[in-house]
Amino acid sequence: MKHFISTRGIDSATAIRLLDTTADMADVRQRDVKKLPTLRGKTVANVFFEDSTRTRLSFEAAALALSADVSTFTSKGSSVSKGESLKDTVQTLESMGADFIVLRHCDSGAAATLAQSGWINAHVINAGDGTHEHPTQALLDAYTLRSRLFGDSARGRNLAGVRIVIVGDILHSRVARSNVWLLATLGAHVTLVAPRTLMPRDIAAWPVAIVHTLDEALDEGVDAVMTLRIQKERMNDAFFPDAAEYTRFWGMTTARFDAVRANTLVMHPGPMNRGLEIAGSIADSANSTVRDQVSHGVAARMAVLYTLLGEDAS
Amino acid sequence: MSTIIRKASIMGGDPADIRIEDGQIVAVGVNVGGADVEIDASGLIALPGLVDLHTHLREPGGESSETILSGSRAAAAGGFTAVHAMANTSPVADNANVVDYVYRKGLEAGYVEVRPVGAVTHNLAGESLADIGAMARSTAAVTVFSDDGKCVGDSLLMRRALEYVATFGGVIAQHAQDPRLTIDAQMNEGAMSAELGLAGWPRVAEEAIIARDVLLAEYTGARLHVCHLSTAGSVEVIRWAKQRGIQVTAEATPHHLLLTDDLAQNYNPLFKVNPPLRTRDDVEAVRRGVADGTIDIVATDHAPHGSATKDCTWSDASFGMVGLESALSIVQHALVDTGLIGWADVARIMSTTPARIGSVDGYDAPLTVGSLANITLVDPSATTVWGADKLAGRSTNTPFTGLTLPGRVVHTFFRGTHTVRDGSIVELSQAGNA
Ligand SMILES: [Zn+2]
């Protein structure tokens with residue numbers, strides 16, 4: 001694997017290997033010496049055309065834990081031609097020695113374009129591209145699920161038979177897309193939940209079940225509910241009437257939480273709108289994986305860097 | 001000077017000789033005498049010079065991607081003898097000065113007849129009518145009006161525009177795209193846009209505007225031309241409108257006759273175009289629409305873009321493809337070689353009918369004695385591996401690179417002037433310099 005752009009097309013064996021490598025990296029982070037020398041002398045450039053402090057810090061921590069040098073470029077993409085500045089920016093960073101480009105961009109496909117354009121030779125890691133994918137988020141989510149469900153016997157396992165509900169703005173969610181492909185590859189049963197306005201059209205070929213209210217999805221019995229962040233401006237574009245109605249039909253409320261099996265996990269990629277898509281008390285409950293997800297994010301990103309570097313050796 | 005074209009198959013029919021003198025066809029048949037220049041056209045098909053109703057020449061304002069001269073050469077290379085230059089230049093062709101400038105530059109270039117299209121609204125803003133009467137009565141004598149690139153979305157303004165343009169005997173060519181249904185739209189809305197996370201351009205945004213516009217055309221009694229229709233539903237709406245006797249004509253582009261939205265898979269902006277590439281079902285429906293006459297013409301929507309506007313992310317890239325040089329090959333590939341139409345139909349959909357819609361003189365009796373010597377000779381048995389090296393304009397944004405395409409334009413005559421000889425563009429001494 002030269003680049004990490006999408007979870008689509010990653011085969012099951014590779015997915016399990018990435019999860020196991022994430023487990024190795026999580027172990028490293030429990031040790032006294034929390035660093036590996038793997039990327040000594042290598043430079044990881046974080047190129048963020050879209051603000052995301054938490055994702056950027058997570059990638060920086062991962063690179064530092066592997067002893068890489070880290071450089072960071074942030075821009076809100078305000079220049080007249082974003083495309084030209086993407087090309088110029090990454091070429092500049094590569095000539096300054098970047099071996100890995102971690103790209104966050106508001107345009108879907110930006111990371112794929114970078115990987116295919118011939119502009120650079122560096123490894124490209126997609127840290128979120130528009131409404132397309134966020135594959136390291138999916139990796140950390142799958143790892144979080146696997147370790148919470150299977151504990152010490154998690155290593156080497158897939159997620160066969162695990163029932164996961166993803167609820168929220170599927171249409172605009174890169175987290176949802178990356179999770180759908182990876183979870184399905186790992187054998188999980190995925191149900192997507194959204195009003196029709198926030199569900200993409202023509203997704204009959206996706207390896208998922210589709211329902212339109214959260215209650216319907218929860219009736220089936222589930223192992224985990226992944227709530228997505230809902231952007232409040234969607235209300236202004238008539239995707240749904242208002243926050244109260246969103247919460248009523250698609251929010252993870254305490255009433256819904258009380259009705260599901262006691263060990264159901266509740267996930268959220270963050271940042272959360274407490275009280276809108278998820279009740280604050282649920283986010284802070286023992287069933288919540290929110291803090292695990294943040295912590296596993298570093299391990300998952302270390303695993304991706306480690307795996308891509310392996311490509312250079314082989 | 002006289003020229004004889006020997007043994008050309010006239011629109012795919014029997015071979016005959018064509019004698020040209022003083023820019024006119026003076027004899028067609030078997031005993032047409034000798035001439036100063038003789039061209040062996042055995043194995044070649046003679047078509048009337050092709051007429052493009054939808055060309056972006058970019059001048060004034062976009063000369064880095066195309067000029068009237070470079071676009072005229074690309075047109076000649078593709079077998080065209082007339083093109084309609086769309087109004088979305090900078091400044092916009094919304095007044096007599098700009099259309100006369102374009103018209104004059106076309107005459108100076110001398111490769112094809114350049115017919116300026118006038119804007120429907122000032123600055124394509126969709127708010128107030130452009131100087132329609134002044135453009136109609138200018139030297140360029142504009143008859144086709146279009147805000148192409150943008151849709152005349154406002155229903156009242158469209159009604160008035162249809163009525164006002166009809167006052168001067170012109171036609172509105174509508175780029176059918178409901179603006180509100182296509183905010184930030186990037187590609188066809190469907191399975192591929194769902195996977196790629198690109199904002200969808202739904203079929204209904206085109207079909208709803210066409211449906212509204214044919215009803216407005218019926219109500220006002222005005223003529224309507226629908227640009228580049230791209231969906232199966234649009235073909236149905238046009239078919240219904242024609243059955244009702246509404247004065248509507250419709251065009252399809254070569255790329256919508258061949259390419260589909262799954263080409264967006266790798267986010268290669270060469271496949272980004274407006275309206276977007278659709279699905280296989282749409283392509284089949286558009287082909288059948290051309291074959292049964294529902295769609296009247298094929299027009300290129302030749303849209304040159306410099307590499308910087310395609311060497312970027314998909315969302316950042318400009319919409320559009322060049323298409324003049326490849327149009328005839330794509331039509332042969334998609335429609336003739338599939339048995340859907342014959343060469344006489346090619347002459348109809350790429351020359352006679354677009355000339356009639358655009359009120360271009362000299363195309364109503366193709367390849368007959370007394371008509372202007374606008375002639376394209378094509379070798380239907382040639383094949384070409386397509387690539388940027390086959391282009392004659394300033395920009396290289398062709399989506400067909402790597403495809404093996406049939407047919408090759410071997411000679412083009414524009415009013416008797418040899419503009420393409422043995423597949424190469426003839427260097428004309430520019431009229432402006434002569
Ligand atoms: Zn258009």
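Picking from B:VAL152, B:VAL204, which residue would you name as being within 14 Å of another protein chain (Cβ to nearest Cβ) and either closer than 23 Å to B:ILE246 by Cβ or in a strand (DSSP E or B) (or both)? Show your work before the answer.
Numbers: B:VAL152 fails: within 14 Å of another protein chain (Cβ to nearest Cβ).
Unique residue meeting the criteria: B:VAL204.
Across the range B:139-160, which residue is surrounded by the most Cβ atoms within 10 Å (Cβ to Cβ) among those that are more than 15 Å from the ligand (Cβ to nearest atom) and under 18 Å from B:LEU53 (Cβ atoms)?
Step one: filter the range B:139-160 for residues more than 15 Å from the ligand (Cβ to nearest atom), giving B:139-143, B:154-160.
Now drop any that are not under 18 Å from B:LEU53 (Cβ atoms), which leaves B:140-143.
Values: B:ALA140: 24, B:ALA141: 16, B:VAL142: 32, B:THR143: 21.
The selected residue is B:VAL142.
For A:ILE203, state whether it is at pLDDT 95 or above and either of a type in the set (Gly, Ala, Ser) or not in a helix (DSSP H, G or I) (or both).
On the way: at pLDDT 95 or above: yes; either of a type in the set (Gly, Ala, Ser) or not in a helix (DSSP H, G or I) (or both): yes.
It is true that A:ILE203 is at pLDDT 95 or above and either of a type in the set (Gly, Ala, Ser) or not in a helix (DSSP H, G or I) (or both).
Wholly within the range B:34-96, which strands (runs of 3 or more DSSP E) include no fewer than the required count, namely at least 3 residues that are within 14 Å of the chain's Cα centre (by Cα) and either more than 16 Å from the ligand (Cβ to nearest atom) or under 13 Å from B:VAL117 (Cβ atoms) (or both)? Break it down stepwise before answering.
Values: elements: B:37-40, B:45-48, B:50-55, B:80-85.
Strands (runs of 3 or more DSSP E) meeting the threshold: B:50-55, B:80-85.
Return yes when B:GLY233 is more than 14 Å from chain A (Cβ to nearest Cβ), surrounded by 21 or more Cβ atoms within 10 Å (Cβ to Cβ) and more than 15 Å from the ligand (Cβ to nearest atom) and no when it is not.
no
Whether any residue in the range A:168-177 is more than 13 Å from chain B (Cβ to nearest Cβ) and either touching a Cys at 6+ places or on another chain (Cβ under 7 Å) or within 22 Å of A:VAL304 (Cβ to Cβ) (or both) is what I want to check. Give the steps one after another, and end with the answer.
Initially, the range A:168-177 is screened for residues more than 13 Å from chain B (Cβ to nearest Cβ), giving A:168.
Then keep just the ones that are either touching a Cys at 6+ places or on another chain (Cβ under 7 Å) or within 22 Å of A:VAL304 (Cβ to Cβ) (or both); that gives none.
So far as the range A:168-177 goes, no, none of its residues is more than 13 Å from chain B (Cβ to nearest Cβ) and either touching a Cys at 6+ places or on another chain (Cβ under 7 Å) or within 22 Å of A:VAL304 (Cβ to Cβ) (or both).
What are the residues in the range B:176-195 that are within 16 Å of the ligand (Cβ to nearest atom), within 20 Å of B:MET158 (Cβ to Cβ) and outside any helix (DSSP H, G or I), if any?
B:ALA176, B:GLN177, B:ASP178, B:PRO179
Regarding the range A:184-198, can at least one residue be identified that is aliphatic (A, V, I, L, M) and without any contact (Cβ under 8 Å) to a residue 12 or more places away in the chain? Write out each step before concluding.
Initial filter on the range A:184-198 (aliphatic (A, V, I, L, M)): A:184, A:186, A:188, A:190, A:192-194, A:198.
So of that shortlist, the ones also without any contact (Cβ under 8 Å) to a residue 12 or more places away in the chain come out as none.
Within the range A:184-198 (the criterion being aliphatic (A, V, I, L, M) and without any contact (Cβ under 8 Å) to a residue 12 or more places away in the chain), the answer is no, since none of the residues qualifies.
State the number of residues belonging to the range B:18-33 that are assigned to a strand (DSSP E or B) and under 29 Å from the mean Cα position of the chain (by Cα). Show your work before the answer.
Within the range B:18-33, the subset assigned to a strand (DSSP E or B) is B:18-21, B:24-29.
In the following step, the residues that additionally are under 29 Å from the mean Cα position of the chain (by Cα) were identified as B:18-21, B:24-26, B:28.
Here the count works out to 8.
Answer yes or no: is there a residue in the range B:119-138 that is more than 14 Å from chain A (Cβ to nearest Cβ), closer than 30 Å to B:ALA373 by Cα, within 16 Å of the ligand (Cβ to nearest atom) and modelled with pLDDT of 95 or more. Talk me through it step by step, then tell me what you get.
Of all residues in the range B:119-138, those more than 14 Å from chain A (Cβ to nearest Cβ) come to B:119-138.
Now restrict to residues that are closer than 30 Å to B:ALA373 by Cα: B:135-138.
After this cut, where a residue has to be within 16 Å of the ligand (Cβ to nearest atom) as well, the list is none.
Checked the range B:119-138: no residue is more than 14 Å from chain A (Cβ to nearest Cβ), closer than 30 Å to B:ALA373 by Cα, within 16 Å of the ligand (Cβ to nearest atom) and modelled with pLDDT of 95 or more.
Does B:GLY169 fit the bill of being within 14 Å of chain A (Cβ to nearest Cβ) and either more than 16 Å from the ligand (Cβ to nearest atom) or buried (at least 20 other Cβ atoms within 10 Å of the Cβ) (or both)?
no
Got at least one residue in the range A:213-234 being surrounded by fewer than 17 Cβ atoms within 10 Å (Cβ to Cβ), among the small types (Gly, Ala, Ser) and touching a Lys or Arg at 6+ places or on another chain (Cβ under 8 Å)? Please lay out each step first, then the result.
So in the range A:213-234, the residues surrounded by fewer than 17 Cβ atoms within 10 Å (Cβ to Cβ) come out as A:213, A:215-216, A:219-221, A:231-234.
Those left that are additionally among the small types (Gly, Ala, Ser): A:221.
With touching a Lys or Arg at 6+ places or on another chain (Cβ under 8 Å) added as a condition, the list becomes A:221.
Yes, the range A:213-234 has at least one match.
If B:GLN174 satisfies every condition in (1) more than 22 Å from the chain's Cα centre (by Cα); (2) surrounded by 24 or more Cβ atoms within 10 Å (Cβ to Cβ); (3) among the polar types (S, T, N, Q) but one, which is the exception?
If we test B:GLN174 against (1) more than 22 Å from the chain's Cα centre (by Cα); (2) surrounded by 24 or more Cβ atoms within 10 Å (Cβ to Cβ); (3) among the polar types (S, T, N, Q), just (1) comes out false.
Pick from B:THR139, B:THR167, B:THR182: which is under 23 Å from the mean Cα position of the chain (by Cα) and either more than 28 Å from A:ALA176 (Cβ to Cβ) or in the same structural domain as B:SER90 (by TED's automatic domain parsing) (or both)?
Values: B:THR167 fails: under 23 Å from the mean Cα position of the chain (by Cα); B:THR182 fails: under 23 Å from the mean Cα position of the chain (by Cα).
Sole residue among the options that is under 23 Å from the mean Cα position of the chain (by Cα) and either more than 28 Å from A:ALA176 (Cβ to Cβ) or in the same structural domain as B:SER90 (by TED's automatic domain parsing) (or both): B:THR139.
Restricting attention to the range B:241-260, does a residue exist that is free of Cβ contacts under 8 Å to residues at least 24 places away in the same chain, of a type in the set (S, T, N, Q) and closer than 20 Å to B:SER315 by Cα?
Yes.
The values are calculated or read from the model by the stated rules, or taken from the named source; none is laboratory data. Keep in mind the model is a prediction, meaning the values are calculated, not measured. Reconstructed Cβ throughout: ideal geometry from the backbone, glycine too, with neighbour counts over all protein chains shown.
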